[in-house]
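Below is one structure, written out as structure tokens, with a few remarks after it.
The values are calculated or read from the model by the stated rules, or taken from the named source; none is laboratory data. As the structure is a prediction and not an experimental result, all values here were calculated from the model. Reconstructed Cβ throughout: ideal geometry from the backbone, glycine too, with neighbour counts over all protein chains shown.
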Amino acid sequence: MNMTELHGWADWLVSSLIIIGSLFALIGSVGLARLPDFMARLHAPTKSTTLGVGGVILGSIIYFSVTTAFSWHELLITIFLFLTAPISAHLLAKAGLHLELKRVENTRDLRAQPNQYSDED
Amino acid sequence: MSKILPAPFLSLFLLVFWLLLQNTVTPGLIVLGAILSIAIPLYTNRGRDFPATIHKPFKAIEYFFLLLVDILISNLNIAAIILLPSRHIKPALIEYPLDIVGEVPITVLASTISLTPGTITAEIRRDGRALMIHALNVEDHEKLIASIKQRYEMRLKEIFKC
């Protein structure tokens with residue numbers, strides 16, 4: 001398929017959506033490297049990527065709807081992402097919890113009975 | 001109704017999914033999609049051992065949009081925490097007592113918590129009556145629990161009647 005030229009508002013809209021999306025993806029990756037411990041690192045990619053991918057997908061929907069035909073099937077990616085992002089985050093957090101990875105010192109443990117969440121009896 | 005359509009929302013979801021995959025809407029595709037979305041739930045119904053009924057579909061749609069807005073805000077929050085030079089975050093492990101019952105509602109609530117501002121669900125208590133949440137930056141955990149309760153759990157309770 002030829003890349004068709006976009007005009008005026010569509011050009012600006014698509015480019016800014018893609019840039020915003022990639023910015024959030026970048027911030028998510030920076031967070032992955034910068035936050036202090038495993039559990040905190042988990043927060044960055046699960047959340048920032050949703051908006052990152054969302055921005056790029058929105059840009060793609062608008063681009064293909066304007067240039068060729070009405071295009072919605074990018075929305076499927078969003079559905080899959082919303083279904084899988086929390087589940088993978090949950091499994092990683094669970095693994096981190098059961099392996100008792102080191103947490104940053106100022107983490108407060110507010111559980112009444114921590115043993116109710118561990119493997120040991 | 002329940003003989004031909006054991007799970008009406010699953011059927012609707014499959015039909016929309018099918019049309020999205022095709023990326024065009026023509027009468028033929030709708031008919032084929034309708035046949036598939038009636039046949040597949042009928043065939044797989046025996047395997048569904050976690051029945052859940054949505055009692056208030058409009059509330060569910062409202063919940064979805066509320067969640068979208070909250071994900072947007074949560075993204076900005078996390079971005080601010082990552083980019084701010086000070087690294088004085090206050091993480092905490094919080095026990096969240098559950099009011100709702102049932103596998104599907106609890107799964108939806110846990111996923112919601114994972115997608116929204118600064119919280120991730122890590123584990124469910126052995127008796128299944130509490131979730132363990134890791135919060136990235138929390139001042140007052142009582143307030144966080146109260147806000148999750150009235151923002152999400154109350155709505156889910158209405159939607160699933162559990």
Some residue of the range B:47-58 being over 23 Å from B:Lys157 (Cβ atoms) and modelled with pLDDT under 85: yes
Answer from A:Phe38, A:Phe82 - the residue that is more than 9 Å from chain B (Cβ to nearest Cβ), of a type in the set (Phe, Trp, Tyr) and surrounded by fewer than 19 Cβ atoms within 10 Å (Cβ to Cβ): A:Phe38
Subset tally (residues that are under 14 Å from B:Val101 (Cβ atoms) and hydrophobic (A, V, I, L, M, F, W, C)) for the range B:116-162: 7
Residues of the range B:121-150 satisfying the condition of being more than 8 Å from every other protein chain (Cβ to nearest Cβ), over 16 Å from the mean Cα position of the chain (by Cα) and part of a helix (DSSP H, G or I): B:Glu142, B:Lys143, B:Leu144, B:Ile145, B:Ala146, B:Ser147
Test: residue in the range B:81-88 that is touching a residue at least 40 places away in the same chain (Cβ under 8 Å), at the interface with another protein chain (Cβ under 7 Å from one of its Cβ atoms) and closer than 24 Å to A:Pro36 by Cα: no
Residue ID - surrounded by the most Cβ atoms within 10 Å (Cβ to Cβ), chosen from residues in the range B:91-120 that are within 8 Å of chain A (Cβ to nearest Cβ) and either without any contact (Cβ under 8 Å) to a residue 24 or more places away in the chain or among the charged types (D, E, K, R) (or both): B:Ile120
Some residue of the range A:69-78 being outside any helix (DSSP H, G or I) and small (Gly, Ala, Ser): yes
Qualifying residue in the range A:92-109 (condition: more than 9 Å from chain B (Cβ to nearest Cβ), surrounded by fewer than 12 Cβ atoms within 10 Å (Cβ to Cβ) and modelled with pLDDT of 80 or more): yes
Number of the condition not met by B:Leu14 [criteria: (1) without any contact (Cβ under 8 Å) to a residue 24 or more places away in the chain; (2) surrounded by 15 or more Cβ atoms within 10 Å (Cβ to Cβ)]: (1)
Residue within the range A:63-71 that is within 8 Å of chain B (Cβ to nearest Cβ), under 18 Å from B:Leu83 (Cα atoms) and either touching a residue at least 60 places away in the same chain (Cβ under 8 Å) or surrounded by fewer than 19 Cβ atoms within 10 Å (Cβ to Cβ) (or both) present: no
